[in-house]
């Protein structure tokens, strides 16, 4: 999923939490416990990278044991980035992650129904 040196992908596991948490957020400290308890899954936590720089991230939360997440509760762009494509990178991250996390043929959760497609 590399586009012009931009890589969009889910994290590989708890070993990449440091990468995911490079952007500050009040819930960063809870992510490890959420993964351990099954409220988050690595394939529900996505990053947009240029080389090793985190440009954007998003994550879904769900009840332990659920096959699909209940809420998209983290969606951050790097505030320090001067990249002119910053908003486009966030939009591409969101569209790419939705395509993988929300199964094809299912009705998207209400919070995703207003996300514009390409």
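Bear in mind that the values in this text are calculations on the coordinates, not laboratory data. Keep in mind that what you see is a predicted model, and the values were worked out from it rather than measured.
Counting only DSSP H runs of at least 4 residues, each contributing -39500 (n - 2.57), and dividing by the residue count of the chain, the helix-based mean residue ellipticity at 222 nm comes to -6500 deg cm²/dmol.
Under a Gaussian network description of the chain, with springs only between Cα atoms under 10 Å, the residue in 102, 47, 26 that fluctuates furthest is 26.
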